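Trainee: Below is the structure I would like to discuss, written out as structure tokens.
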Amino acid sequence: MSQTLRRLRVHGDNILECERALKLLIRALDAQDKDVIFSGEAAYAPVYKITKNSQIFEIKLFPGYDRWGISLKQYLVDNGAVLREATDTIVTELIEKDGKLYEKPILSLEFCGALPAGNNAWQRCGRALASAYVKIPYLYF
């Protein structure tokens, strides 16, 4: 049986939030420790591979928005968001179309650990709204 490769990317504010999203993806795939392999890429943008059934998920972390040659904040605006607010992390999938690769946002995640202290509560609403306008599923933790 051949294996299908899916290339996911996790863009986020920082490496901690990217790793938090990675842990959620691992859990969602019901992967075990033996299924997750660190590929040895650069520590500032690590790549993990998860093999589950007949699929291989390659997940690359990109901490720090707008540092990697793609502006997801601009993507939001270009696709209808009235605010240029990106959530803590946005998961994308690399899709090939007409011989070119592009990133398709498939999920945005917001972690609200600082919210009880009143930290940036107004941002959370704008980020949810930006995701809704662009039709990216949004999960708020």
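The values are calculated or read from the model by the stated rules, or taken from the named source; none is laboratory data. No experiment lies behind these values; they were computed from the predicted model shown. When we count neighbours, we look across all protein chains shown, and the Cβ atoms used for this are built from the backbone with ideal geometry, even at glycine. In case anyone asks, the SASA skips ligands and DNA or RNA and just uses the protein heavy atoms, side chains included. Shrake-Rupley method; radii C 1.70, N 1.55, O 1.52, S 1.80 Å.
Trainee: Any idea which of 48, 75 is out of contact with any Leu (no Cβ under 6 Å at 6 or more places or on another chain), of a type in the set (Phe, Trp, Tyr) and closer than 22 Å to residue 141 by Cβ?
Mentor: 48
Trainee: Another question, if that's okay. Would you check which residues across the range 68-80 are touching a residue at least 40 places away in the same chain (Cβ under 8 Å) and either part of a loop (DSSP other than H, G, I, E, B) or out of contact with any Phe, Trp or Tyr (no Cβ under 8 Å at 6 or more places or on another chain) (or both) and list them?
Mentor: The answer is 68, 70, 75, 79, 80.
Trainee: Checking residue 65 against (1) part of a loop (DSSP other than H, G, I, E, B); (2) modelled with pLDDT under 85; (3) surrounded by 12 or more Cβ atoms within 10 Å (Cβ to Cβ), which test does it fail?
Mentor: Of (1) part of a loop (DSSP other than H, G, I, E, B); (2) modelled with pLDDT under 85; (3) surrounded by 12 or more Cβ atoms within 10 Å (Cβ to Cβ), only one is false for residue 65: (2).
Trainee: Among (1) part of a loop (DSSP other than H, G, I, E, B); (2) open to solvent by 80 Å² or more (accessible area, probe 1.4 Å); (3) of a type in the set (A, V, I, L, M, F, W, C), which single condition is residue 83 missing?
Mentor: (2)
Trainee: Could you say whether any residue in the range 44-54 is in contact with a helix residue (DSSP H, G or I) (Cβ under 8 Å, 6 or more places away or on another chain), charged (D, E, K, R) and open to solvent by 40 Å² or more (accessible area, probe 1.4 Å)?
Mentor: Taking every residue of the range 44-54 in turn, at least one turns out to be in contact with a helix residue (DSSP H, G or I) (Cβ under 8 Å, 6 or more places away or on another chain), charged (D, E, K, R) and open to solvent by 40 Å² or more (accessible area, probe 1.4 Å).
Trainee: Name every residue in the range 31-65 that is among the charged types (D, E, K, R) and within 16 Å of residue 89 (Cβ to Cβ), in order of residue number.
Mentor: Within the range 31-65, just 60 meets the criteria.
Trainee: (1) farther than 20 Å from residue 26 by Cβ; (2) modelled with pLDDT under 80: which one isn't true of residue 113, the others all being true?
Mentor: Only one criterion is unmet by residue 113, namely (1).
Trainee: Related question: Scan the range 24-36 for residues that are surrounded by 11 or more Cβ atoms within 10 Å (Cβ to Cβ), outside any loop (DSSP other than H, G, I, E, B) and at pLDDT 90 or above and jot them down.
Mentor: 24, 25, 26
Trainee: Within the range 4-22, identify whether any single residue is among the β-branched types (Val, Ile, Thr), assigned to a helix (DSSP H, G or I) and either touching a residue at least 24 places away in the same chain (Cβ under 8 Å) or touching a His at 6+ places or on another chain (Cβ under 7 Å) (or both), and answer yes or no.
Mentor: yes
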